[in-house]
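Colleague: Handing you this structure, nothing more for now.
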Amino acid sequence: MAGIQSVPFSIEPELSDIRKGWITITGVLRMDRGNVVLEYRTSFVEQSDIIERSISLDDLTRVEYRRGIFGAKLILQAKSLAVFDGMPGTSEDRLVLGIARRDRPAGKAIGWQLGTLLENRKLGRSSGESPSQP
């Protein structure tokens, strides 16, 4: 994928977590051979090891970029609940990544690139082409 290669993000912990407000979850989203790769770590008293999660574009149904006043959100929507199983900040089939104001241009660009790739794959499949062709 040409253009933006990665974008930093943060994840809001679940509301049910009693330590909400003290926990920070930060990471980087990047593309690697048709997969969205999320590298993140959790910080409470000390930082956790880096966790890497790879999600195939075929497992996503939608990518949406939403701009806000102080930052933005990149929303990934999955085909099934199992795609984001065990990840912090998920709500059923959605993962919401917070994008800092300074990273909004990169977040918007990578959101557009991912959305375009998903739509091209859908169009390719509906017209009878093989899934490997974008």
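Values in this text are rule-based calculations from the coordinates and carry no lab data. Predicted model, so just to flag it, every value in this text is computed and none were measured. Neighbour counts run over all protein chains shown; Cβ positions are idealised from the backbone, glycine included.
Colleague: Looking at region 46-75, which of the residues that are farther than 15 Å from Gly115 by Cα and among the hydroxyl-bearing types (Ser, Thr, Tyr) is nearest to the chain's Cα centre (by Cα)?
Modeller: Applying the filter and picking the extreme gives Ser54.
Colleague: Does region 21-33 hold any residues that are surrounded by 15 or more Cβ atoms within 10 Å (Cβ to Cβ) and small (Gly, Ala, Ser), and which are they?
Modeller: Result: Gly27, single match.
Colleague: List the residue pairs whose Cβ atoms are under 7 Å apart, where the first residue sits in region 81-102 and is part of a helix (DSSP H, G or I), the second is of a type in the set (D, E, K, R), and the two are 6 or more positions apart or on different chains.
Modeller: Short answer, once both residue conditions are applied: Leu81/Glu92; Leu81/Asp93; Val83/Asp59.
Colleague: Assuming Thr26 fulfils every condition listed in (1) in a loop (DSSP other than H, G, I, E, B); (2) under 16 Å from Ser6 (Cβ atoms) apart from one, which condition is it?
Modeller: Condition not satisfied by Thr26: (1).
Colleague: Further question on the same structure: Specify the residue that is nearest to Ser48 (Cα to Cα); the eligible residues are those in region 58-113 that are surrounded by 14 or more Cβ atoms within 10 Å (Cβ to Cβ) and of a type in the set (Phe, Trp, Tyr).
Modeller: Only one residue fits best here, namely Phe84.
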